[in-house]
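The values are calculated or read from the model by the stated rules, or taken from the named source; none is laboratory data. Bear in mind the structure is a predicted one, so any value in this text is a computation, not a measurement. Here Cβ is always computed from backbone atoms with ideal geometry, including for glycine, and neighbour counts include all displayed protein chains. With ligands, DNA and RNA removed, areas are computed over all heavy atoms of the protein, side chains included. Shrake-Rupley method; radii C 1.70, N 1.55, O 1.52, S 1.80 Å.
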Amino acid sequence: SQQGEEDPQALSIQEGENATMNCSYKTSINNLQWYRQNSGRGLVHLILIRSNEREKHSGRLRVTLDTSKKSSSLLITASRAADTASYFCATDAEAAGNKLTFGGGTRVLVKP
Amino acid sequence: GAGVSQTPSNKVTEKGKYVELRCDPISGHTALYWYRQSLGQGPEFLIYFQGTGAADDSGLPNDRFFAVRPEGSVSTLKIQRTERGDSAVYLCASSSTSGKGIQYFGPGTRLLVL
């Protein structure tokens, strides 16, 4: 079963604009990660944020985590056509061992 | 260095047949995971190995699904009496004990059961 929902399900923006997507989850977590997937194949790890962290940056990526609301956001600044992909949040929880529980994903289209 | 590899890339089979999907993790990674992804959805956990043993197989949908990792490296996911509903992309991932929870995914095997 999926851990939670991602919002929006799909996003279409122009190159250079920022893209923001949100993820909600249901249970207490250890970590929350964001992954990117191109063309429905392998996932690429983007960034990990721990449950005691509130914000993290990596290049053009900014992730926030609000454990009181059980939600996270991923911001991609100055988007490029190469950012076109599906983005998934994934959580791991102490009670669930090491497995990742994924959201349904946000499909992002960056138009040149 | 080499990433996670999976073979075959694509597999077409007929309902009722047996299939094996192979995963070769990153060298030295002790943890190996199998996930299944249906079209338009996020990956769903199937099974997790720590070394040679299955530490968590709670995601296997039924007893037609089985996975092994006999030497603690390569893993094989086996599906008996395939059904059309088994059609999906099967993803494998591996991680190290010092990897802080990050899993590295292979390109997946796209299984189509006709």
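Considering A:Arg41, A:Arg62, the condition of being under 27 Å from B:Arg36 (Cα atoms), charged (D, E, K, R) and either in a loop (DSSP other than H, G, I, E, B) or open to solvent by 20 Å² or more (accessible area, probe 1.4 Å) (or both) is satisfied by A:Arg41 alone.
Here B:Leu111 fulfils each of the conditions (1) away from chain A (no Cβ under 14 Å); (2) open to solvent by less than 10 Å² (accessible area, probe 1.4 Å); (3) hydrophobic (A, V, I, L, M, F, W, C); (4) within 14 Å of B:Tyr35 (Cα to Cα) apart from (1). Screening segment B:76-106 for residues that are modelled with pLDDT of 95 or more, over 15 Å from B:Phe45 (Cα atoms) and not charged (D, E, K, R) and picking the one that is most open to solvent (accessible area, probe 1.4 Å) gives B:Gln80.
Quick check on segment B:13-28: of everything there that is open to solvent by less than 90 Å² (accessible area, probe 1.4 Å) and part of a strand (DSSP E or B), which residue is farthest from B:Ala67 (Cα to Cα)?
Restricting attention to segment B:13-28, the residues satisfying the condition of being open to solvent by less than 90 Å² (accessible area, probe 1.4 Å) are B:13, B:16, B:19, B:21, B:23-26, B:28.
Next cut, part of a strand (DSSP E or B) only: B:13, B:19, B:21, B:23-24.
Numbers: B:Thr13: 19, B:Val19: 11, B:Leu21: 9, B:Cys23: 11, B:Asp24: 13 Å.
Looking at the filtered set, the residue picked out is B:Thr13.
Here are B:Ser73, B:Ser94: which of them is more than 10 Å from chain A (Cβ to nearest Cβ) and in a loop (DSSP other than H, G, I, E, B)? Going through B:Ser73, B:Ser94 in turn, just one is more than 10 Å from chain A (Cβ to nearest Cβ) and in a loop (DSSP other than H, G, I, E, B): B:Ser73.
Can you pull out every residue in segment A:21-38 that is among the charged types (D, E, K, R) and either surrounded by fewer than 16 Cβ atoms within 10 Å (Cβ to Cβ) or free of Cβ contacts under 8 Å to residues at least 24 places away in the same chain (or both)? Explain how you work it out, then say what you get.
Filtering segment A:21-38 down to residues among the charged types (D, E, K, R) leaves A:26, A:36.
Hit for segment A:21-38 is A:Lys26, nothing else.
If only residues of segment A:44-59 that are aliphatic (A, V, I, L, M) and either open to solvent by less than 60 Å² (accessible area, probe 1.4 Å) or in contact with a Ser or Thr (Cβ under 9 Å, 6 or more places away or on another chain) (or both) are counted, the one that is farthest from B:Gly3 (Cα to Cα) is A:Ile49.
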